[in-house]
1. Give me the extension gain from Tyr79 to Glu65: residue separation times 0.36 nm, minus the current Cα-Cα distance, reported in nm with one decimal.
2. By a straight-distance test (C-alpha under 17 Å), which aspartates and glutamates pair with Lys46 as possible cross-link partners, with residues fewer than eight away in the same chain excluded?
3. Please find, in a Gaussian network model of the chain (springs between Cα atoms separated by less than 10 Å), the residue of Val29, Val41, Val59 whose mean-square fluctuation is greatest.
Amino acid sequence: MNNEPCFRAVELGEYIAATGATVRATAKVFGVSKSTVHKDVTEKLKHHSPALYKRVKAVFEKNKEERHIRGGMATKLKYKGKI
């Protein structure tokens, strides 16, 4: 991964748009913090690649709508002893 902020933002954005990954999952794959991922794709990507930013924003909105479901499933698995 390129550590130049603009290139990193594009790389992160392309990954999120292609896979539909969450901020946490993306941070884990690229070995950066979730704060770095969020800042890069919401602030830097908006100015560097507006078209990609719109695609990433759509993924973020979808993930935001589904996060309560993922949280419920995690709790369910926790109490079943599978986590």
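1. That pair, Tyr79 and Glu65, stretches by 2.7 nm at full extension.
2. Cross-link targets: Glu4, Glu11, Glu14, Glu61.
3. Val29
Each value in this text was obtained by applying a stated rule to the coordinates, not by laboratory testing. Just so it is clear, the model here is predicted, and its values are computed rather than measured.
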